[in-house]
């Protein structure tokens with residue numbers, strides 16, 4: 001079923017996707033700071049809060065029973081189960097912000113993006129790429145929290161995510177933070193022609 005923005009809504013919906021380690025969170029936080037009418041949609045999840053995470057800021061933390069009741073009531077624009085935990089985007093939360101004239105950013109993966117675009121084709125989707133495979137691996141390694149085996153698994157998952165980049169309306173390369181931020185601002189401001197061309201070898205990025 002195709003959904004439209006609420007009648008009278010003056011806001012716009014944006015989807016931002018990227019593989020882990022690409023710098024999406026830092027860029028998205030900078031966008032919200034620089035553009036007063038841009039807001040994140042806070043997702044619901046059944047996973048436990050991590051240290052420092054706050055209810056309603058990072059996620060709405062709910063039980064499995066609560067989440068499944070919301071699914072049955074049709075309260076999500078999209079939802080998925082990842083490693084035994086649910087994640088979902090609240091329809092009411094997004095519609096409320098659109099009605100307020102906000103430009104709403106959904107931080108979701110390619111599967112969620114595909115679901116949203118099928119139901120709300122007017123949403124603008126953006127995929128963020130690392131400049132190279134080596135740069136992505138270096139960023140994941142620099143965290144210093146994971147073993148080589150874990151990093152290899154994260155790289156494999158990242159490559160699977162990146163392989164769907166062509167499904168998105170716009171692609172931005174995070175080779176330079178300020179330049180990538182300017183590209184994202186241009187897209188959200190409705191000036192995609194002002195963005196830089198994608199000048200990396202994506203086939204080489206995906207090649208094992």
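The values are calculated or read from the model by the stated rules, or taken from the named source; none is laboratory data. Quantities reported herein were computed from a predicted structural model and do not represent experimental measurements. FYI the Cβ positions are ideal-geometry reconstructions off the backbone, even for glycines, and counts take in every protein chain you see.
Residue-by-condition table, conditions (1) over 30 Å from residue 183 (Cα atoms); (2) surrounded by fewer than 13 Cβ atoms within 10 Å (Cβ to Cβ); (3) in contact with a helix residue (DSSP H, G or I) (Cβ under 6 Å, 6 or more places away or on another chain):
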| position | (1), (2), (3) |
| --- | --- |
| 37 | no, no, no |
| 41 | no, no, yes |
| 66 | yes, no, no |
| 77 | no, no, yes |
| 82 | yes, yes, no |
| 89 | no, no, no |
| 94 | no, no, no |
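Report yes if some residue within the range 171-185 is closer than 30 Å to residue 63 by Cβ and in contact with a helix residue (DSSP H, G or I) (Cβ under 7 Å, 6 or more places away or on another chain); otherwise report no. Break it down stepwise before answering.
Within the range 171-185, the subset closer than 30 Å to residue 63 by Cβ is none.
No, the range 171-185 has no match at all.
Which of the following residues is without any contact (Cβ under 8 Å) to a residue 40 or more places away in the chain and part of a strand (DSSP E or B): 60, 67? Can you show your working first?
Numbers: 67 fails: part of a strand (DSSP E or B).
After applying the criteria, what remains is 60.
State yes or no: is residue 95 part of a helix (DSSP H, G or I) and modelled with pLDDT of 95 or more?
For residue 95, the condition - part of a helix (DSSP H, G or I) and modelled with pLDDT of 95 or more - is not met.
Conditions tested, residue by residue: (1) at positive phi; (2) assigned to a loop (DSSP other than H, G, I, E, B); (3) in contact (Cβ under 8 Å) with a residue 24 or more places away in the chain.
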| residue | (1), (2), (3) |
| --- | --- |
| 139 | no, no, yes |
| 166 | no, no, no |
| 178 | no, no, no |
| 190 | yes, yes, no |
| 199 | no, yes, yes |
| 204 | no, no, yes |
